[in-house]
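Below is one structure, written out as structure tokens; the observations come after it.
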Amino acid sequence: MRVLVRDLKKHVGEEVELLGFLHWRRDLGRIQFLLLRDRSGIVQVVTGGQKLPLPESSLRVRGRVVENPKAPGGLEVQAQEIEVLSPALEPTPVEIPKEEWRASPDTLLEYRYVTLRGEKARAPLRVQAALVRGFRRYLDRQDFTEIFTPKVVRAGAEGGSGLFGVDYFEYRAYLAQSPQLYKQIMVGVFERVYEVAPVWRMEEHNTSRHLNEYLSLDVEMGFIEGEEDLMRLEENLLQEMLEEALSSAGNEIRLLEAEWPSFPKEIPRLTHAEARRILKEELGYPVGQDLSEEAERLLGQYAKERWGSDWLFITHYPRSLRPFYTYPEENGTTRSFDLLFRGLEITSGSQRIHRYPDLVESLKAKGMDPEAFQGYLEVFKYGMPPHGGFAIGAERLTQKLLGLPNVRYARAFPRDRHRLTP
């Protein structure tokens, strides 16, 4: 029966069978050292007289587990039999044991199908999977229902910009930039819903923080009093996500030497107007109406210095900066918020307009045609409750938590302005 590397401590002195990949090899003639990698870790294998295949060949190893303080993990397997299940036919384009985040990033991404096998390359994906697991688990406990919405749509959730067009038989259709309209409709069905799914944004950005396809963690909740209900929900949700990641992907977090954040009892809040005042008067930054990336970075530093917090909510954005469905206030602001983590926006959310006439008026005020949203608008004729929600960008959160130099390393096969393969 197969034994995983992480369980070898339970089998010291016993014969075991391992399955995995040849991570590294060293041939000293009479004695040969291998590193075997499986999904749980790496172990040293000692053998002799073998014809060793190329690294990344898949192997079956049978041998005895012994203690060796000099070996990785303090254990090694003295092989009695090594079977090559599938040999590598040529050397890998990147030496997997020598992967480095800052070495030839284009090469690491171009050969992602094999570089992902490296411990550091796969670690962010394991952490992200744990974050998503914590996301689902917390919301399930709070009586949310997971939904699955269309990804080919007739119109965008935020207007006609930023959409990838596709041919859908005789129609012009688009890749969904958000499940926003559908999750609002589903509030009328289940009251509390969430979705984990990719979304697409046709933006020209080609920076270390932007992707054109990313994983969106969407939440929508009915019968709320205001946006504060949503922010409290997100605080509790994020805390559980971080706890799950630290619990089940702690080895990967330590491997990447990530500075794991503490979570405050309550995340500090600044209104958009107050944030702009601080930037201008206290930090000397000439901010415009919207908050630039540099402005967000400075606000992140401000929150850390003033409150010792890696997290900061910016609330009450002007109506002009928010989508048509955002609930407006009489003073020109909205019941909206962004969450900054270490100076990077990872969440955008708000209370939504829930009355039909107000929603039609808001569409017109934004210069949008209500006729294009009839399928969405119809539900608001039938008693939609006060509701709202938010979305977390999974890759951005993963990037900032782990200190990755580029958000592309937080997605298995990233899609950006110039990348369609692998």
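Scanning region 24-41 for residues that are surrounded by 16 or more Cβ atoms within 10 Å (Cβ to Cβ) and touching a helix residue (DSSP H, G or I) at 6+ places or on another chain (Cβ under 6 Å) returns TRP24, ASP38, GLY41. Applying the criterion of being part of a strand (DSSP E or B) and without any contact (Cβ under 8 Å) to a residue 60 or more places away in the chain to the residues of region 42-54, the residue that is surrounded by the fewest Cβ atoms within 10 Å (Cβ to Cβ) is VAL46. Of all residues in region 73-95, those satisfying the criterion of being within 37 Å of the chain's Cα centre (by Cα) and acidic (Asp, Glu) are GLU76, GLU90, GLU95. When VAL193, VAL187 are checked against the criterion of being touching a residue at least 24 places away in the same chain (Cβ under 8 Å), β-branched (Val, Ile, Thr) and out of contact with any helix residue (DSSP H, G or I) (no Cβ under 8 Å at 6 or more places or on another chain), VAL187 stands alone in meeting it.
Please tell me if SER292 is in contact (Cβ under 8 Å) with a residue 12 or more places away in the chain, in the same structural domain as LEU339 (by the TED database) and small (Gly, Ala, Ser). Quick ask: steps written out before the conclusion?
Working: in contact (Cβ under 8 Å) with a residue 12 or more places away in the chain: no; in the same structural domain as LEU339 (by the TED database): yes; small (Gly, Ala, Ser): yes.
In short, no.
For region 361-373, the candidate set comprises residues that are open to solvent by 50 Å² or more (accessible area, probe 1.4 Å), in a helix (DSSP H, G or I) and touching a residue at least 12 places away in the same chain (Cβ under 8 Å); within that set, the residue that is nearest to SER348 (Cα to Cα) is ALA365. Restricting LYS70, LYS98 to those that are modelled with pLDDT under 95, over 28 Å from the mean Cα position of the chain (by Cα) and among the basic types (Lys, Arg) reduces the list to LYS70. In region 383-395, the count of residues that are out of contact with any Cys (no Cβ under 9 Å at 6 or more places or on another chain), at pLDDT below 95 and either farther than 23 Å from ARG297 by Cα or outside the structural domain of LEU131 (by the TED database) (or both) is one or more.
Among the residues that make up region 296-309, is at least one of them among the acidic types (Asp, Glu) and in contact with a Leu (Cβ under 6 Å, 6 or more places away or on another chain)? Yes, the conditions are met somewhere in region 296-309. Contact annotation: residue pairs with Cβ atoms under 7 Å, 6 or more positions apart or on different chains, pairing a residue in region 323-336 that is more than 16 Å from GLN180 (Cβ to Cβ) with a partner that is in a loop (DSSP other than H, G, I, E, B) and not β-branched (Val, Ile, Thr), are GLU329/ARG335; THR333/HIS316; THR333/TYR317.
Within region 374-415, the residues that satisfy the criterion of being open to solvent by 10 Å² or more (accessible area, probe 1.4 Å), more than 29 Å from LEU237 (Cα to Cα) and not polar (S, T, N, Q) are GLY375, GLU378, LYS381, TYR382. Only residues that are in contact (Cβ under 8 Å) with a residue 60 or more places away in the chain and either within 12 Å of VAL46 (Cβ to Cβ) or not in a strand (DSSP E or B) (or both) were counted in region 61-93, giving 5.
Among the conditions (1) open to solvent by less than 10 Å² (accessible area, probe 1.4 Å); (2) in contact with a helix residue (DSSP H, G or I) (Cβ under 7 Å, 6 or more places away or on another chain), the only one that TYR356 does not satisfy is (1).
Consider region 316-337. How many of its residues are outside any loop (DSSP other than H, G, I, E, B), in contact with a strand residue (DSSP E or B) (Cβ under 9 Å, 6 or more places away or on another chain) and open to solvent by 10 Å² or more (accessible area, probe 1.4 Å)? Don't jump to the end; show me each part of the working.
Quick first cut of region 316-337, residues outside any loop (DSSP other than H, G, I, E, B) only: 318-321, 326, 328, 333-334, 336-337.
Cutting the leftovers down to in contact with a strand residue (DSSP E or B) (Cβ under 9 Å, 6 or more places away or on another chain) gives us 318-319, 321, 326, 328, 333-334, 336-337.
Subsequent filtering for residues that are open to solvent by 10 Å² or more (accessible area, probe 1.4 Å) retains 318-319, 321, 328, 333.
Looking only at that region, the number is 5.
Scanning region 105-158 for residues that are open to solvent by less than 70 Å² (accessible area, probe 1.4 Å) and among the acidic types (Asp, Glu) yields GLU119, GLU146.
May I ask you to verify whether GLY165 is more than 24 Å from THR398 (Cα to Cα), free of Cβ contacts under 8 Å to residues at least 60 places away in the same chain and either in contact with a helix residue (DSSP H, G or I) (Cβ under 6 Å, 6 or more places away or on another chain) or open to solvent by 20 Å² or more (accessible area, probe 1.4 Å) (or both)? Yes; evaluated as a whole, the condition is true for this residue.
The values are calculated or read from the model by the stated rules, or taken from the named source; none is laboratory data. Note that the structure is predicted; figures quoted are calculated from it, not measured. Glycine also receives a Cβ, built like all others from the backbone with ideal geometry; neighbour counts cover every protein chain displayed. Heads up: the accessible areas ignore ligands, DNA and RNA and are worked out on the full protein's heavy atoms, side chains in. Shrake-Rupley method; radii C 1.70, N 1.55, O 1.52, S 1.80 Å.
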